[in-house]
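The values are calculated or read from the model by the stated rules, or taken from the named source; none is laboratory data. Note that the structure is predicted; figures quoted are calculated from it, not measured. Note: ideal-geometry Cβ built from the backbone for every residue, glycine included; neighbour counts use all protein chains shown.
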Amino acid sequence: MKKDIIENNIIDNYYKEASYSEHLTSETDELFNKKLNNSLEKMDIVDSLDFPMDINILEVINNAEAIKAKKKLRKEYLIFISICLVIVSSFIFLAFNVDIKIIIYAEVAISVFLPLTLIPIAARVKLKGVQR
């Protein structure tokens with residue numbers, strides 16, 4: 001409580017808002033006054049500097065979003081290529097180890113049922129993109 005009163009009196013004395021009747025007798029009061037003066041001088045120096053404030057925030061945000069989209073696209077490409085390699089390698093493995101008729105039946109089944117499953121998935125993805 002006493003510390004707050006002393007600090008308030010020193011601040012009032014610095015800004016000449018109220019008369020500070022007691023002189024600064026203790027060392028802590030003098031140290032606080034020096035600290036206050038140093039802080040205010042530093043603030044005045046920073047205030048007098050002329051910083052160029054020509055920062056285009058919208059451009060920075062757009063660049064950040066472009067970088068984020070590139071990373072996401074790379075990840076999607078990597079996943080796509082990995083899945084394609086797994087599918088192709090599984091067909092090659094099946095070609096050497098299984099009868100060719102089973103591979104032909106599997107390819108026909110995939111070519112018939114894949115569009116039927118991809119159309120609802122594509123519609124869902126499109127609707128999800130519109131909602132964002």
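Residue by residue, here is whether (1) touching a strand residue (DSSP E or B) at 6+ places or on another chain (Cβ under 7 Å); (2) at pLDDT below 75; (3) closer than 30 Å to residue 15 by Cα holds:
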site: 41; (1), (2), (3): no, no, yes
site: 47; (1), (2), (3): no, yes, yes
site: 60; (1), (2), (3): no, no, no
site: 67; (1), (2), (3): no, no, no
site: 71; (1), (2), (3): no, no, no
site: 75; (1), (2), (3): no, no, no
site: 82; (1), (2), (3): no, no, no
ask   = Counting only residues that are assigned to a helix (DSSP H, G or I) and surrounded by 10 or more Cβ atoms within 10 Å (Cβ to Cβ), how many does the stretch 93-107 have?
value = 9
